[in-house]
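Written out below as structure tokens is the structure these notes cover.
The values are calculated or read from the model by the stated rules, or taken from the named source; none is laboratory data. It should be emphasised that the depicted structure is a prediction, and the values quoted were computed from it without experimental measurement. For neighbour counting, all protein chains shown are included, and Cβ atoms are generated from backbone atoms with ideal geometry for every residue, glycine included. Ligands, DNA and RNA are excluded from the accessible area calculation, which covers all protein heavy atoms including side chains. Shrake-Rupley method; radii C 1.70, N 1.55, O 1.52, S 1.80 Å.
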Amino acid sequence: MATHNVTLIRGDGTGPELVEATRRVLEAAVATSGSSFNWDVVEAGVDIMETAGTPLPDNVLASIRKHKVALKGPITTPIGTGFRSVNVALRKELDLFACVRPCKTYEGVRSRYDNIDIVIVRENTEDLYAGVEWPVDSPEAGKIIDMAEGKIRRDAAISIKPISRTGTRRIVKHAFDYAIENGRKKVTAVAKANIMKYTDGLFYEVAREVAKDYEGRVEYDEWLVDAMCMQLVQKPENYDVLVMENLYGDILSDLGAGLVGGLGVAPGANIGEDTALFEATHGSAPKYKGQNKVNPTALILSGLLMLRYLKETDAANRLEKAVSSVIAEGKDVTYDMKPDRNDPTAVGTSQMADAIIARMA
Ligand code: NAD
């Protein structure tokens, strides 16, 4: 029995309706255990931009720093112009270094595969996403081209790929600890160390060191990222927890979501030393804004990860059973979960949430 103080970021586009559906489901899930939520509701994104002059007002970060746990609806990032990504800013500001994305098959979801249960652990702060790059013909790019002694063409733009011992150790350790806490058997490190001998080589070297501390408890193996893609398409049932750098993690997360039925069912967690932010993998789907149409499952399953993080194990199990049962029945589900996307019997976002709540009663 506990009261959980949680920051609730409503987001924009379809975010507010998805967040509202998820909030109701989570409250119902913990109620039976006698627990409750004390939501600190804050606004970020396109809608607050007009009044606050920024898409990420200070009170949002302050609230998360205070409560240490947040649930977030998707937030739009304008392409080419406008503000920088609020999603990336939140992960950076709060040093949420681990992006954990379970890819699990729920019976009744349309997919070419069944029985998949993989967890992708992606490093969130380093690699080619560090934002250290220089444009073509710039003096900085020129200096690096000079240093490369003929290996790089003069008309190249340059991106830097930093992979540190510290960053690698904490993400690999996170993957192993996750494996232990969740009864998982194996961690697979994924990189391309045959080509990037120093950066990806260091990733493997540190991963092996960390793996030694877990010997006898969790198995360890390694795959090159290209071979891993084929393995996941051909034999996904052979894999358990996969740990990788930022770029490979970004790409393999979408591959993993595709294996289990797509964005509508792909949840995520961004985790730091003492802070965690839970959000779906999908974006704000702005064309459906205000239509009570899109699938709340991905955000509800992100809420399920939050329940596990908060040690609300009974509530999490109850919720997972209810979600599985609604999806398996296939009646009270949104349009994207129907075999025919124009099926007139598809329900809306809030009605699917109602069906899940009813199963927990
Ligand atoms: P998107 O995920 O918002 O939508 C792509 C398509 O996927 C939609 O048109 C819809 O057909 C489908 N879809 C997405 N979510 C769905 C759901 N819950 N139920 C049913 N169908 C769903 O991707 P996009 O159009 O590339 O991005 C829109 C905006 O969201 C962009 O500004 C992008 O930067 C942003 N974004 C935010 C996050 C985040 O908040 N973490 C993540 C990804 C993208």
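Which count do you get for residues in the range 236-261 that are open to solvent by 20 Å² or more (accessible area, probe 1.4 Å) and farther than 22 Å from M196 by Cβ?
Keep residues of the range 236-261 that are open to solvent by 20 Å² or more (accessible area, probe 1.4 Å), which gives 237-238, 240, 247-248, 250-251, 254-255, 258, 261.
Filter again for farther than 22 Å from M196 by Cβ, leaving 237-238, 240, 258, 261.
Qualifying residue count for the region: 5.
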Quick one: in the range 308-327, of everything that is in contact (Cβ under 8 Å) with a residue 40 or more places away in the chain and within 15 Å of the ligand (Cβ to nearest atom), which residue is surrounded by the most Cβ atoms within 10 Å (Cβ to Cβ)?
V323
Can you pull out the residues in the range 28-77 that are within 11 Å of the ligand (Cβ to nearest atom) and either under 20 Å from the mean Cα position of the chain (by Cα) or acidic (D, E) (or both)?
A44, G45, K72, G73, P74, I75, T76, T77
Just one of A193, A179 is hydrophobic (A, V, I, L, M, F, W, C), modelled with pLDDT of 95 or more and in contact with a Leu (Cβ under 8 Å, 6 or more places away or on another chain); which is it?
A193
In the range 333-361, the residues that are open to solvent by 40 Å² or more (accessible area, probe 1.4 Å) and of a type in the set (K, R)
R341, R359
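Given the criterion crowded, with 23+ Cβ neighbours inside 10 Å and within 16 Å of the ligand (Cβ to nearest atom), identify the matching residue among G303, G330, G283.
Values: G330 fails: crowded, with 23+ Cβ neighbours inside 10 Å; G283 fails: crowded, with 23+ Cβ neighbours inside 10 Å.
Every option except G303 fails the conditions.
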Please go through (1) near the ligand (Cβ under 10 Å from one of its atoms); (2) farther than 18 Å from L18 by Cα for V294 and return the number of the only condition it doesn't satisfy.
(2)
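Enumerate the strands (runs of 3 or more DSSP E) found wholly within the range 23-117, keeping only those where 3 or more residues are surrounded by fewer than 16 Cβ atoms within 10 Å (Cβ to Cβ). Reasoning before the result, please.
On the way: elements: 36-42, 69-72, 98-104.
Here the list reads 36-42.
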